[in-house]
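Right, one structure below, let's go through it.
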Amino acid sequence: YKIRAPLDTEHARQLWYLGIAAALGALGGACVLFAYKVGVALVGALGGFALATWILAMQTNGVIHSDVGRALFIAALVVAGIVAALFIQRPAVIVASAVWGSYVLFVGIDCFARTGFQYTALAFLSTPGAVYETTPKVYAMIACMALSALLGIFAQFRLTRKPKASFIPL
């Protein structure tokens with residue numbers, strides 16, 4: 001079964017997709033709420049995955065052409081994200097959540113823009129020999145994703161910094 005975008009006339013499918021996504025999001029959020037370290041590790045893993053697919057997406061058929069090499073590269077960045085999130089928690093979670101959020105944002109935008117960026121994960125994780133093609137529009141999505149991630153990182157560091165102690169003379 002391949003998930004596909006619902007047609008304009010398929011209102012039931014649209015509602016099912018929305019309901020399932022909301023239920024899984026709530027279930028995942030509840031699980032992570034009670035298992036804090038698992039949540040931190042998950043954010044690190046997602047950030048590592050997004051970074052790996054972003055790097056691989058920079059060239060037609062991926063920067064790494066070997067299917068095994070791609071899988072090892074993705075796995076290495078996922079593990080690196082988990083380790084970083086667990087040991088240097090605040091900065092790693094900020095960077096990982098910004099990178100993952102930017103990746104998901106631009107995959108969502110690509111559902112409407114149809115540049116082909118949304119197929120990065122499918123091409124790099126699915127059938128061996130899957131074809132992925134970069135075009136100028138995909139490069140624009142890659143660049144905008146990087147810009148969005150940098151803005152997210154900057155905003156999160158700025159909003160979560162410790163306030164400066166103000167000197168109040170007595």
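Rule-based calculations on the coordinates, nothing more; no lab input. Because the structure is a prediction, the values reported are computed rather than measured. Using ideal geometry, Cβ is built from the backbone for each residue, glycine included, and neighbour counts are taken over all protein chains shown.
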Helix 89-113 vs. the chain, principal-axis angle (Cα, 0 to 90°, nearest 10): 30
Cβ charges +1 (Lys, Arg) and -1 (Asp, Glu), total dipole of the chain, debye: 580
Global form of the stretch 1-147, assessed from the alpha-carbon gyration tensor, a/c cut-off 1.5: oblate
Selected from L105, V138, V93, residue furthest toward positive end of dipole (the chain; charges at beta carbon): V93
Table column - 3J(HN,Hα) (Hz), the stretch 42-49, Karplus curve with 6.51, -1.76, 1.60, x for Gly and Pro: 5, 4, x, 5, 5, x, x, 5
Cα gyration tensor category, rounded, prolate or oblate, for the stretch 5-56 with a/c compared to 1.5: oblate
Label zone at K162 (point 7 Å along Cα-to-Cβ), backbone N below 20 Å, the stretch 72-108: 87-95
Calculated FRET value between T135 and A71, using beta carbons and R₀ = 25 Å, to 0.05: 0.50
Rounded tilt (10° steps) of 11-34 against the dominant C-alpha axis of the chain: 40
Gyration tensor (alpha-carbon) shape descriptor, the stretch 52-102, a/c threshold 1.5: oblate
